[in-house]
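Asker: Have a look at this one before I ask anything.
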Amino acid sequence: MSNLTAGKLLIPYSRLARKKITKFTGPQGRIDKIRGIISDLLRLERIEIPNFVGYESRQYAERLIDLAKKYGDKHEGMMEMADYWIIEKDLIPKLFQVIVPRYENKLGPYTQVFKLPEEYPGKGIKNICMELKDNALPPIQAAMSNRTHNNSLTNILIDAYKKDYKFRTEQNKFN
Amino acid sequence: MFQLYEKIPYLLARQPNALKQTIQTIAARNYTNTVPNRILEKARRSKLGAAAKGPSVGSDERPKLEQAEYSQAERDYKYIYPDFLPNPVYYFRDKIREKLERIDMINRRKQITIPEFYVGSIMAVTVSDPYAPGKSNRFVGICIRRDEYGLKHSFTLRNVIDGLGVEIMYDLYNPTIRSIEVLKLEKRLDDNLSYLQDSPPEYSTIPFDFEPVKLLPGMKVPVNMTKVPLKNKPWRHAWDRKALRGVILPEIKRYQHEEYMNSSSDFKPYEKWDLMKNYRETIHDDDHREIVQDIKKFESEITDKQEIVTAAKKLVRTRHIPKETPSNEKK
């Protein structure tokens, strides 16, 4: 359990203080919240969560996959660890039979993060989209590359200014 | 000494060898306050000794320690050489310093044999001391804790002498240490046995003439499963707040105990599941691999040395035989 070790983490992580995710339930509540997010991530493979919760739980998800890769499903301590961190128990075989063979030849981070725009008007909450790599869902990057910016506020204003400029120059010619 | 000068002419007149004898006796005597271990142990054992009231007299009768259950633990470089592991806190680390320290440690280990030992094993350490009789001091005790990383690594031994608890901290790579012996190799249930300070003295008394116990080759290190009862309060630390395995707590009123558990920040059952906390406090496999390579190189060098020595011994034996044959031919 506490003796389990694995390789170096290849994602940015806070090395000193753990972030305070919950205000009132303390450190136990913090871990409970992360457990819920990990089981969500394993089931859906792509989730949308607040910024500070996502980066914190990403470390735990990465490390759980790292350990599962190293020890396999026949190690006693590893199975106890998986049993603790995954609340919905039907996901435990998915971790060892689907996700571990998927990243068998991969060193690097197994998760991917995209920043989402803030809602306007709203409370200014920064959200992220977190997903497991090489999933069966349609890719986000393709959608991002095909995105058009014609309806954004700055572009509309610039277009309006262009129209206005043309109109004025034509007027000056007649005068 | 003044009396002796007065006596010299008188002694010389009576016996010519008397002066020699007196000088020898004086030379053999030590004019310090220390008493040799042999005499001290004798005095402890005798029923008329000063320590008759103390607990150390009944030190031979230790049924609880003898009847202890044993189980076997794993054998790993991480636990055999914990002093080679660097500090896991990243801002204390420096890879060049670690490498240099490792070279120094290995050079020291080539000079004296530092055996494998754990917290809970019974050890004897001899240190060169200019003020001690024979200029060396030997201390026997249980290893209570191991602290610090790298060259600063230290361990403390505890024993009860004449009803008084004594703890000595030794630096592992101190050049004044002459030898480190492990009399009984075993582990305990906890990594830190500081709670022996607040337990009855039977659990930390060890006679100075403790006979070494041998383990069979290829055997794993046994774990001593004794549970130590603690005295009543006041304690040196709040032991009930710490998650200790080898401790029997005295009866505390239930509401007091629950108050402690709820209020204390030390009692954290979720800690052993915390993956990232474990990651921050230990050294990951990629760094650990480098350290293990150095250790393996050092161990292979030692085994090579031993092979060379044994081969040299065989050569010496064979050389003696042909010397005899030419002498026979001459005849």
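Asker: Less than 14 Å Cβ to Cβ from B:P250, Lys/Arg counted +1 and Asp/Glu -1: what total charge do the surrounding residues give?
Answerer: So the surrounding residues net to +2.
Asker: For helix A:51-71, what angle does its Cα long axis make with the longest principal axis of chain A, in degrees from 0 to 90 and rounded to 10?
Answerer: The answer is roughly 40 degrees.
Asker: Grab the beta carbon distance between B:Q24 and B:T113, set R0 = 35 Å, and tell me the FRET efficiency rounded to 0.05.
Answerer: 0.45
Asker: What are the trypsin sites (Lys or Arg not before Pro) within region A:1-96 that DSSP puts in a loop, where the Cβ has at most 12 other Cβ atoms within 10 Å?
Answerer: Answer by residue number: A:K8, A:R15, A:K19, A:K20, A:K23, A:K74.
Asker: Let me ask something additional. Okay, helix-only estimate at 222 nm for chain A: each DSSP H run of n ≥ 4 adds -39500 (n - 2.57), divide by all residues, round to 500 deg cm²/dmol; what do you get?
Answerer: That calculation yields -14500 deg cm²/dmol at 222 nm.
Asker: Sticking with this one: Please arrange A:I34, B:I80, A:I21 by how many other C-beta atoms lie within 10 Å of their C-beta, fewest to most.
Answerer: Ranked by crowding around the Cβ, least crowded first: B:I80, A:I21, A:I34.
Asker: Oh, and also: Please work out the Cα center distance from region A:73-108 to region B:282-318, rounded to the nearest Å.
Answerer: Taking the Cα centre of each part, region A:73-108 and region B:282-318 sit 39 Å apart.
Asker: Follow-up question, since we're still on this one. Starting from the Cα of A:A142, step 7 Å along the direction of its Cβ; do the same at A:Q97; then give the gap between the two resulting points in nm.
Answerer: 2.9 nm
Asker: Around B:I142, with a cut-off of 11 angstrom between Cβ atoms, what is the net charge of the other residues, counting Lys and Arg +1 and Asp and Glu -1?
Answerer: With Lys, Arg at +1 and Asp, Glu at -1, the net is +2.
Asker: Right, here's the next one. Would you mind ranking A:Y165, A:Y84 so that the residue whose beta carbon has the fewest other beta carbons within 10 Å leads the list?
Answerer: Starting with the residue having the fewest Cβ neighbours, the order is A:Y165, A:Y84.
Asker: Give me the percent of DSSP beta bridges within region B:118-241 that run antiparallel, rounded to the nearest 5.
Answerer: 95 percent
Asker: A further question follows. Estimate the FRET efficiency between A:F174 and A:H149 by the formula 1/(1 + (r/R0)^6), using the beta-carbon distance for r and 45 Å for R0, to the nearest 0.05.
Answerer: Approximately 0.80, to the nearest 0.05.
Asker: Still on this structure, please answer the following. Compute the FRET efficiency between B:R245 and A:K115 as 1/(1 + (r/R0)^6), taking r as their Cβ-Cβ distance and R0 = 51 Å, and round to the nearest 0.05.
Answerer: Efficiency, rounded to the nearest 0.05: 0.65.
Asker: In addition: Where the centre of each part is set by its Cα atoms, how far does region A:33-57 sit from region B:171-216, in angstrom?
Answerer: Value for the Cα centre distance between the two parts: 48 Å.
Readers should treat all values here as calculations from the given coordinates under stated rules, not as data from a laboratory. Note that the coordinates shown come from a computational prediction; the quantities given were computed from them, not determined experimentally. Cβ sites come from the backbone with ideal geometry, for glycine too, and all protein chains shown count toward neighbours.
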